[in-house]
1. What about Arg53, is it touching an Asp or Glu at 6+ places or on another chain (Cβ under 9 Å), open to solvent by 100 Å² or more (accessible area, probe 1.4 Å) and either at pLDDT 85 or above or under 28 Å from Lys108 (Cβ atoms) (or both)?
2. State which residue is modelled with the lowest pLDDT when the search covers only segment 1-13 and only residues that are within 15 Å of Gln81 (Cα to Cα) and open to solvent by 80 Å² or more (accessible area, probe 1.4 Å).
3. With (1) surrounded by 13 or more Cβ atoms within 10 Å (Cβ to Cβ); (2) in contact (Cβ under 8 Å) with a residue 24 or more places away in the chain; (3) more than 16 Å from Thr28 (Cβ to Cβ) as the list, and Pro105 as the residue in question, which single condition is left unmet?
4. Please find, within segment 82-98, the residue that is farthest from the chain's Cα centre (by Cα) out of those that are at pLDDT below 85 and in a strand (DSSP E or B).
5. Kindly indicate whether any position in segment 20-40 is touching a strand residue (DSSP E or B) at 6+ places or on another chain (Cβ under 8 Å), of a type in the set (Gly, Ala, Ser), part of a strand (DSSP E or B) and modelled with pLDDT under 90.
Amino acid sequence: MSKTISDADLNAVSRCIKIDNWIFEVKTVRAIRADEYGKPYSAIATINVNGDRAYVDGLMTNTTIDLERDDFAAFTAFLQQIDVKKVEFDRYKNQERVSKSVTVPEPKKSPLHLVSVG
């Protein structure tokens, strides 16, 4: 976490916040699938972050609907914003644990759009 602001991607979210003589580092994130915060949710996960790696732990759904492509796209977008390069997770299929390790793709650079003013 020794990037300077000039080195950092402006779209990335900082995982470290310095207040006085303390540095607060975000290491654990709770993710919930819901239409709005505070409303009932249909899935929950805990993401533990260490350096440029993350481990998705405790991934559970409260329905028979499994995670879909949109869910993985949301996780990918979040992990890109906090500059994670690799994510690991365990899933259970047919009562058997399956471990996966996935490289998080680099975020797509959006093209620069020039806008005239006045």
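The values are calculated or read from the model by the stated rules, or taken from the named source; none is laboratory data. Given the structure is predicted, the values throughout are model-derived calculations rather than measurements. A quick note on method: Cβ atoms are made from the backbone with ideal geometry, for glycine too, and the neighbour counts reach across all protein chains shown. For accessibility, only protein heavy atoms count, side chains too; no ligands or nucleic acids. Shrake-Rupley method; radii C 1.70, N 1.55, O 1.52, S 1.80 Å.
1. Criteria met by Arg53.
2. That would be Ile5.
3. The one condition Pro105 does not meet is (1).
4. The extreme case among them is Glu96.
5. No, every residue in segment 20-40 fails to be touching a strand residue (DSSP E or B) at 6+ places or on another chain (Cβ under 8 Å), of a type in the set (Gly, Ala, Ser), part of a strand (DSSP E or B) and modelled with pLDDT under 90.
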